[in-house]
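Following: one structure in structure tokens, then a few remarks.
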Amino acid sequence: MTEPAPNGTPANPALTEELPEHEVLFEQRGKLGVVTLNRPKAVNALTAGMVTAVLEQLTAWADDDSVATVLVQGAGDRGLCAGGDIVAIYRDILAGGDETAGFWADEYRLNSLIERFPKPYVAFMDGLVLGGGVGISAHGSLRIVTERTRTGMPETTIGFVPDVGGTLLLSRSPGETGTHAALTGAHLTGADALFLGLADHFVPSGSLAALAAALENESAEAAVVRFAEKPPSSALAAQRDWIDACYATDDAEEIIRRLRAAGGEAAAAADTIETKSPTSVKVTLASLRRSRGLTLNQVLAEEYRVGLHCLAGPDFREGIRAQVVDKDRNPRWQPATLQEVHADDVGRYFAPLGDRELVLWEKESDHA
């Protein structure tokens with residue numbers, strides 16, 4: 001049996017029936033299709049089943065005239081989504097990584113669909129919105145942050161590289177602020193997300209329920225504007241002078257030198273970057289630079305290449321072990337320093353995958 005979602009019934013019971021403990025819920029309220037990520041104890045971290053279910057439901061809603069707007073939100077009070085289920089990824093890496101490759105392929109297809117979704121796609125980016133949570137929200141057309149938002153792409157901390165289109169999003173941020181956010185993996189406020197271009201409007205968290213109710217019958221754009229308020233100031237925006245000066249190079253070691261010379265907050269950023277996987281830092285920097293001027297689908301295909309090469313390398317496994325599995329916070333990176341990571345090492349992460357390449361259509365009409 002499929003339990004009804006709160007205040008409504010599942011739009012597609014067959015989808016939720018297949019998922020353990022109803023990890024994602026779908027319902028239609030008036031003209032609003034609601035996606036609720038429903039793993040609150042895991043801050044709604046995405047599983048393969050959740051991604052597949054959301055992809056199928058959004059595809060159905062795209063052609064359903066009774067649905068005018070889609071809303072994505074997270075269950076519980078901790079956040080929209082803390083990213084992919086990296087414990088599951090860790091176990092799969094030990095088994096060869098094939099399931100993770102399939103999960104990412106479907107996740108990136110979902111990111112692509114969200115960007116080109118033909119109806120207003122409203123994301124409540126309340127609480128934690130990290131990694132894959134950015135992918136399921138920041139490609140939407142109406143992205144809402146609150147005073148509780150803590151977002152970012154912390155992949156370098158676990159020996160990985162920003163994905164789900166994150167390298168494209170951050171490459172478009174003002175100046176070099178996206179580079180700073182990507183290399184440090186910093187958690188950002190809602191105001192910072194607005195400044196970076198990851199979000200569109202600030203709505204107090206206490207108003208989200210009323211906004212969701214308004215979306216059931218009102219124009220999405222009009223409803224959001226009615227509830228939106230002036231955001232707090234962005235701390236990241238205030239740091240832009242030294243950020244732009246220090247990160248305006250394609251050389252990671254030079255970035256560290258400039259940050260150290262600048263001192264203060266900049267030197268603290270250098271300290272942070274030097275705790276990350278040196279390989280991840282350099283591959284992330286290259287990914288950001290390569291993303292400029294590309295489409296989302298082109299970037300997702302490249303991020304997929306990078307991701308599969310990360311699965312085969314030592315640092316991704318080691319980073320998850322240190323941060324999430326053993327929790328000793330003492331990763332042993334290989335190589336251990338930026339100086340030991342050479343250009344050829346970085347280049348191998350972008351090598352073609354042959355028949356394993358991710359193919360995404362560039363035009364919506366190609367999906368007919």
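The values are calculated or read from the model by the stated rules, or taken from the named source; none is laboratory data. Everything numeric here is computed off the predicted structure, so don't read it as measured data. Ideal geometry is used to build each Cβ from the backbone, glycine not excepted, and the neighbour counts take in all protein chains shown. We work out accessible area using only protein heavy atoms, side chains counted, and drop any ligands, DNA or RNA first. Shrake-Rupley method; radii C 1.70, N 1.55, O 1.52, S 1.80 Å.
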Placing +1 on each Lys and Arg Cβ and -1 on each Asp and Glu Cβ in the chain, then taking the dipole about the Cα centre, the residue among V325, A301, G197 whose Cα reaches farthest towards the positive end is G197
Cβ-based charge dipole, the chain, positive-most Cα from A222, V161, A182: A182
Need one word for region 250-368: rounded, prolate or oblate. Basis is the Cα gyration tensor (sqrt eigenvalues a ≥ b ≥ c); a/c below 1.5 gives rounded, then a/b vs b/c decides. prolate
If I build a Gaussian network model for the chain, linking alpha-carbon pairs within less than 10 angstrom, which residue out of V161, V67, V54 has the largest mean-square fluctuation? V67
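How would D326, D315 rank on accessible area, largest to smallest, probe 1.4 Å?
On the way: D326 90, D315 10 Å².
From most exposed to least exposed: D326, D315.
Quick one: order E27, E99 from most to least accessible surface, probe 1.4 Å.
Details: E27 5, E99 140 Å².
Ranked list, largest accessible area first: E99, E27.
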Take D192, D200 and sort them by solvent-accessible surface of the protein heavy atoms, 1.4 Å probe, largest at the top. D200, D192
For a quick protection proxy, order the peptides 133-144, 288-299 by their average other-Cβ count within 10 Å, most packed first. 133-144, 288-299
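Any idea what the dipole of the chain comes to, in debye rounded to 20, about its Cα centre with Lys/Arg Cβ at +1 and Asp/Glu Cβ at -1? All intermediate terms of the calculation are to be shown ahead of the outcome.
Values: 33 positive and 52 negative charges, 165 e Å.
Charge dipole of the chain: 800 debye, to the nearest 20.
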For N217 and D250, FRET efficiency with R0 = 51 Å and r from the beta-carbon atoms, rounded to 0.05? 0.50
The chain, accessible surface, carbon-and-sulfur percent (1.4 angstrom probe): 50 percent
Which value, in Å² rounded to 10, gives the accessible area of L188 with a 1.4 Å probe and all protein chains present? 10 Å²
In the chain, lysine pairs with alpha-carbon atoms under 26 angstrom apart (chain gap of 8 or more, or interchain): 6
Along each of the three principal axes of the Cα atoms of the chain, give the extent in whole Å, ordering the values from largest to smallest. 57, 46, 41
With all protein chains modelled, accessible area of D77 [1.4 Å, Å²]: 110 Å²
Below 8 Å between Cα atoms, with a sequence gap of 6+, how large is the relative contact order for the chain in percent? 14 percent
For region 290-348 versus region 71-144, the gap between their alpha-carbon centres in whole angstrom: 19 Å
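Just to confirm, what accessible area per residue do you get for the chain at 1.4 Å probe, in whole Å²?
Values: 15180 Å² over 368 residues.
For the chain, the per-residue accessible area is 41 Å².
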